[in-house]
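S.K.: Let me begin by handing over the structure; questions about it come next.
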Amino acid sequence: MNLKQQQYINGEWVDAQSGKKRSIINPYNQEVIAEVPEGDEKDARAAIAAAREAFDEGDWSWTPASERGELVTKIGHLIERDQEELAYLESLDTGKTMEESRGDMEDIAGVFRYYGELADKEGGELIDAPVKDSVSKVVREPVGVCGQITPWNYPLLQASWKLAPALAAGNTLVMKPSEITPLTTIKVFELMEEVGIPAGVVNLVLGSGATVGAELSSHDDVDLISFTGGIATGKKIMQSASGNVKNLALELGGKNPNIIFADADFETAVDQALNGVFFHAGQICSAGTRLIVDEAIHDDFVHALVERVKNFKLGSGFEQDTQMGPLISAEHLAKVEAYVEAGVKEGASLVVGGRRPEDPELQQGFFYLPTIFTNCTTDMTVVQEEGFGPVITVEKFRSEKEAVTLANDSIYGLAGGVWTMDIAKAERCAARMRMGTVWINDFNLYFPHAPWGGFKQSGIGRELGRPGLEEYTETKHIFHNLKPEPIHWF
Ligand code: NAD
């Protein structure tokens, strides 16, 4: 593999100080595909010190935003140049199909291009101050040293949402990818070195959440922690970030409702309900795993879903006809199995799937069949908790009000969908759904120009769009008195 299997700290490629390594496993066949350093708190502290020095003493945050933007755009161009290699690494590491990984790489290049362009467009503003002979201006400055922690499901996509805006805004950073999927993130650090990002500005530490992640979120020299991952980890990070009152950006999970009205375009709604869940075997934070279907079409809709699901082709992400790859790990497979068992015990009706496939070719991989539960109610674990696997729950509704009430009955608020040909009904539902993104007659679409993030326990803050850049800035008001005089109050 043509990849530096090392960490990147202060402009140098280094092993873990402890000398420890971690094997990276292909989830399709459990083969070891790489041996990478297993960093710990010491490596994290070295990287934080480098990022601190680069921010406090270096030129990066003073470099004109247009120059920083050009470098960020160039990273996007190199991602396009190396798209095939990056897609290969992503599929090898996550099991997703090459077609999905190629799509991810196009999106990722687009994220770097978007923030490269935006870097010098947010210059601040002059305020018409209610004070004679004065100048009052508001400027946006980088936050400082950013700790960035990413998950395994979209390793490089989630990294790009953090790296591109942080750099465009003039911050320095330490990134920790998921310990099980670090390969494409390592590659992008190679590309950032190639475009000439100065030493110390971007640092990469590999290792577990309990060591490297905890150090980043608790260290006093880190000014902002941006985390994408599960709710339980997000809560821990919030606590450890309180030590020095860090800026906090959390992108957490979702159990996302998809409301299907009887007047929807039936074929398209069925097709997109499947796309909305089964991409990457359901391991998507915004997967529409909670179908809320109009009673009038419920039985036909479920029947159509089941007929399609039965024919899904599971297999290697490198085979042309594979539609769904494996789950990420043995541990995650066991969690999905337990999740489905809980659904059965709680009385949901299992209509398809609910087990591992029997195909002998799939026995080495962490495969799970696409699964559908009907007769679901809001009190069930499978309706309330995120399964993060290829599992749909179906609930019935009788009125528009009931559909929206069900959709909002959740601790999550990441995303949701509504399918209907009635424009006014669609807009009414979208307005009442308590989620960061609502799709009308679509599902799971996102692009760099529009913000992404969750209401309720799905997170704090937004990535992508202008808010995704603002997250990496502090707002400063500078007031200049042009005619200072004594006040004589005291
Ligand atoms: P996770 O929370 O287990 O791990 C995420 C990252 O946090 C990993 O890098 C991990 O090493 C690190 N980590 C673990 N414990 C830590 C600790 N104590 N301190 C600091 N860091 C720690 O999540 P995961 O299983 O990798 O990813 C799946 C989750 O991510 C799902 O819940 C999914 O919904 C969520 N997700 C959300 C979005 C979004 O945009 N909202 C996007 C992708 C994934």
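The values are calculated or read from the model by the stated rules, or taken from the named source; none is laboratory data. Because the structure is predicted, anything quoted here is derived from the model rather than measured. Ideal geometry is used to build each Cβ from the backbone, glycine not excepted, and the neighbour counts take in all protein chains shown. All accessible areas refer to the heavy atoms of the entire protein, side chains included, with ligands and DNA or RNA removed. Shrake-Rupley method; radii C 1.70, N 1.55, O 1.52, S 1.80 Å.
S.K.: With respect to LEU350, determine if the residue is surrounded by 15 or more Cβ atoms within 10 Å (Cβ to Cβ), over 23 Å from the mean Cα position of the chain (by Cα), closer than 20 Å to HIS280 by Cβ and of a type in the set (A, V, I, L, M, F, W, C).
M.R.: Values: surrounded by 15 or more Cβ atoms within 10 Å (Cβ to Cβ): yes; over 23 Å from the mean Cα position of the chain (by Cα): yes; closer than 20 Å to HIS280 by Cβ: no; of a type in the set (A, V, I, L, M, F, W, C): yes.
Taking the combined requirement at face value, the residue does not satisfy it.
S.K.: With TRP60, TRP13 as the choices, which residue is in contact with a Gly (Cβ under 9 Å, 6 or more places away or on another chain), at pLDDT 95 or above and either in the same structural domain as THR172 (by TED's automatic domain parsing) or among the acidic types (Asp, Glu) (or both)? Even if it seems obvious, please write down each step before you answer.
M.R.: Numbers: TRP13 fails: in contact with a Gly (Cβ under 9 Å, 6 or more places away or on another chain).
Of TRP60, TRP13, the one residue that is in contact with a Gly (Cβ under 9 Å, 6 or more places away or on another chain), at pLDDT 95 or above and either in the same structural domain as THR172 (by TED's automatic domain parsing) or among the acidic types (Asp, Glu) (or both) is TRP60.
S.K.: Give the residue that is farthest from PRO151 (Cα to Cα), with candidates limited to residues of the range 313-347 that are in contact with a helix residue (DSSP H, G or I) (Cβ under 7 Å, 6 or more places away or on another chain) and open to solvent by 20 Å² or more (accessible area, probe 1.4 Å).
M.R.: GLU346
S.K.: Just one of (1) open to solvent by 50 Å² or more (accessible area, probe 1.4 Å); (2) closer than 27 Å to SER101 by Cβ trips up GLU295, so point out which.
M.R.: Single failed check for GLU295: (2).
S.K.: Which one is nearest to PHE366 (Cα to Cα), of the residues in the range 411-434 that are assigned to a helix (DSSP H, G or I) and open to solvent by 10 Å² or more (accessible area, probe 1.4 Å)? Don't jump to the end; show me each part of the working.
M.R.: If we filter the range 411-434 for residues that are assigned to a helix (DSSP H, G or I), which is where we start, we get 423-432.
Now restrict to residues that are open to solvent by 10 Å² or more (accessible area, probe 1.4 Å): 423-425, 427-428, 430-432.
Details: ILE423: 42, ALA424: 44, LYS425: 42, GLU427: 41, ARG428: 41, ALA430: 37, ALA431: 39, ARG432: 39 Å.
So, considering only residues that are assigned to a helix (DSSP H, G or I) and open to solvent by 10 Å² or more (accessible area, probe 1.4 Å), the one nearest to PHE366 (Cα to Cα) is ALA430.
S.K.: Let me confirm something: among ALA87, ALA34, ALA47, which residue is open to solvent by less than 10 Å² (accessible area, probe 1.4 Å) and farther than 21 Å from VAL205 by Cα? First the steps, then the outcome.
M.R.: Values: ALA34 fails: farther than 21 Å from VAL205 by Cα; ALA47 fails: farther than 21 Å from VAL205 by Cα.
On inspection, the qualifying residue turns out to be ALA87.
S.K.: Quick one: in the range 195-239, which of the residues that are away from the ligand (no atom under 11 Å from the Cβ) and farther than 30 Å from GLU80 by Cβ is surrounded by the fewest Cβ atoms within 10 Å (Cβ to Cβ)?
M.R.: Among those residues, the one meeting the criterion is ASP220.
S.K.: Also, I was wondering about something else. Go through the range 303-410 and tell me which helices (runs of 4 or more DSSP H), entirely inside it, have 1 or more residues that are among the basic types (Lys, Arg) and touching a residue at least 24 places away in the same chain (Cβ under 8 Å).
M.R.: Values: elements: 330-345, 381-384, 400-408.
Hits in the range 303-410: 330-345.
S.K.: Would a scan of the range 249-262 turn up a residue that is more than 16 Å from the ligand (Cβ to nearest atom), in a loop (DSSP other than H, G, I, E, B) and not assigned by TED's automatic domain parsing to the domain that holds THR94?
M.R.: yes
S.K.: Which condition breaks for HIS280 when tested against (1) at negative phi; (2) under 25 Å from the mean Cα position of the chain (by Cα)?
M.R.: Against the list (1) at negative phi; (2) under 25 Å from the mean Cα position of the chain (by Cα), HIS280 comes up short only on (1).
For (1) of a type in the set (A, V, I, L, M); (2) in contact with a Gly (Cβ under 7 Å, 6 or more places away or on another chain), each residue gets a yes or a no:
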{"site": "PHE447", "(1), (2)": "no, no"}
{"site": "PHE455", "(1), (2)": "no, yes"}
{"site": "ARG462", "(1), (2)": "no, yes"}
{"site": "GLY465", "(1), (2)": "no, no"}
{"site": "LEU469", "(1), (2)": "yes, no"}
{"site": "THR473", "(1), (2)": "no, no"}
{"site": "ASN481", "(1), (2)": "no, no"}
{"site": "PRO484", "(1), (2)": "no, no"}
{"site": "HIS488", "(1), (2)": "no, no"}
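S.K.: Among the numbered criteria (1) open to solvent by less than 20 Å² (accessible area, probe 1.4 Å); (2) free of Cβ contacts under 8 Å to residues at least 12 places away in the same chain; (3) not charged (D, E, K, R), which one does LEU163 miss?
M.R.: (2)
S.K.: Here is a follow-up. In this structure, does PRO177 turn out to be within 10 Å of the ligand (Cβ to nearest atom) and either crowded, with 24+ Cβ neighbours inside 10 Å or without any contact (Cβ under 8 Å) to a residue 60 or more places away in the chain (or both)?
M.R.: On the way: within 10 Å of the ligand (Cβ to nearest atom): yes; either crowded, with 24+ Cβ neighbours inside 10 Å or without any contact (Cβ under 8 Å) to a residue 60 or more places away in the chain (or both): yes.
In short, yes.
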